[in-house]
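Let me begin by presenting the structure, written as structure tokens, before commenting on it.
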Amino acid sequence: MALRSTVLIHTILLTAAPALHAGPDSGQTASNARSVLADGTTTSLTDADRNIADIGREVLADILDVPMSSIDIDSVRAVNWPDTSIGCPQPDRAYAQVIVPGHKITLRVADALYVLNEANGQAGLCRNRKGAQPATAVAEDFGWTRLAALARSDLAERLSIDETHVLVRNAGIKRWPSSALGCDEIAGDEVDTNPVDGYVLTLRHGSRDYTYHTSKTEVLACPPITLD
């Protein structure tokens, strides 16, 4: 399940054919533009992801009626869509229940961020209106990646394996009732009862899944990991 999948209101997917040209409008990037891999790790923007982002830039330029040169690339995240709606199901339509590799493309126009869904060389703004998301909201889509990296490192150390053998299967936004992060059975005596915003992460090694609860700064294996 992709992060914030219940937050976006899906109605209609606006698509365009992939951009086949390269010119002065092509390849604008924010200074911290990045690629986000399927396992949650981030890298500098790759050439392949830059081409994917340009497809989204062309679509967004048409929707907003602005030049492509005014649209910067913020990030491109690899996604496996669960069906052929690529995250934008429409009422009364049936979709093939097959995994469709694609991307979420985050673009910036001035101080506004737009998230487009992409698969098979087509991208669309999948929202109930043409408005942008606040930058702080879109940042939540990617805030978990740093925490996922911490969790992967922790699990790899516990299992005495290389981090590359740990995959991030799922990540969901969560508000915990206290600093125990939903793990009262292993929390210490000093528990802050104020709500804590964080995530639930599911990691996999081999055929076994492991759950981590997080705040915005720390990760906690919950339930505790046993090496049986």
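The values are calculated or read from the model by the stated rules, or taken from the named source; none is laboratory data. No experiment lies behind these values; they were computed from the predicted model shown. A quick note on method: Cβ atoms are made from the backbone with ideal geometry, for glycine too, and the neighbour counts reach across all protein chains shown. Surface accessibility is based on the protein's heavy atoms, side chains included, excluding ligands, DNA and RNA. Shrake-Rupley method; radii C 1.70, N 1.55, O 1.52, S 1.80 Å.
Which of the residues that make up the range 104-157 are over 15 Å from residue 74 (Cβ atoms), of a type in the set (D, E, K, R) and modelled with pLDDT of 85 or more?
152, 154, 157
Just need a number here: residues in the range 156-170 that are among the hydrophobic types (A, V, I, L, M, F, W, C) and closer than 11 Å to residue 203 by Cα.
Residues flagged as among the hydrophobic types (A, V, I, L, M, F, W, C) and closer than 11 Å to residue 203 by Cα within the range 156-170 amount to 4.
Failed condition for residue 55, given (1) β-branched (Val, Ile, Thr); (2) modelled with pLDDT of 90 or more; (3) in contact with a helix residue (DSSP H, G or I) (Cβ under 6 Å, 6 or more places away or on another chain), with all others met?
If we test residue 55 against (1) β-branched (Val, Ile, Thr); (2) modelled with pLDDT of 90 or more; (3) in contact with a helix residue (DSSP H, G or I) (Cβ under 6 Å, 6 or more places away or on another chain), just (3) comes out false.
Would you confirm whether any residue within the range 182-196 is of a type in the set (Gly, Ala, Ser), modelled with pLDDT of 90 or more and either assigned to a strand (DSSP E or B) or open to solvent by less than 80 Å² (accessible area, probe 1.4 Å) (or both)?
Checked the range 182-196: at least one residue is of a type in the set (Gly, Ala, Ser), modelled with pLDDT of 90 or more and either assigned to a strand (DSSP E or B) or open to solvent by less than 80 Å² (accessible area, probe 1.4 Å) (or both).
Return the only residue of 86, 63, 105, 73 being open to solvent by less than 40 Å² (accessible area, probe 1.4 Å), among the aliphatic types (A, V, I, L, M) and in a loop (DSSP other than H, G, I, E, B).
Being open to solvent by less than 40 Å² (accessible area, probe 1.4 Å), among the aliphatic types (A, V, I, L, M) and in a loop (DSSP other than H, G, I, E, B) holds for just one of 86, 63, 105, 73, which is 86.
Condition first: modelled with pLDDT of 85 or more and touching a strand residue (DSSP E or B) at 6+ places or on another chain (Cβ under 6 Å). Now tell me which residues in the range 167-181 satisfy that.
174, 175, 176, 179, 181
Out of all the residues in the range 108-122, which are part of a strand (DSSP E or B) and either surrounded by fewer than 19 Cβ atoms within 10 Å (Cβ to Cβ) or out of contact with any Leu (no Cβ under 8 Å at 6 or more places or on another chain) (or both)?
Within the range 108-122, 108, 109, 112, 118, 119, 122 meet the criteria.
For the range 27-43, indicate whether the set of residues that are part of a strand (DSSP E or B), at pLDDT below 85, surrounded by 15 or more Cβ atoms within 10 Å (Cβ to Cβ) and touching a helix residue (DSSP H, G or I) at 6+ places or on another chain (Cβ under 7 Å) is non-empty.
Among the residues of the range 27-43, at least one is part of a strand (DSSP E or B), at pLDDT below 85, surrounded by 15 or more Cβ atoms within 10 Å (Cβ to Cβ) and touching a helix residue (DSSP H, G or I) at 6+ places or on another chain (Cβ under 7 Å), which makes the answer yes.
Return the total of residues in the range 206-219 being within 14 Å of residue 171 (Cα to Cα) and not β-branched (Val, Ile, Thr).
Residues meeting the conditions: 6.
Among the residues that make up the range 158-176, is at least one of them over 13 Å from residue 147 (Cα atoms), among the hydrophobic types (A, V, I, L, M, F, W, C), open to solvent by less than 40 Å² (accessible area, probe 1.4 Å) and assigned to a strand (DSSP E or B)?
Yes - at least one qualifying residue is present in the range 158-176.
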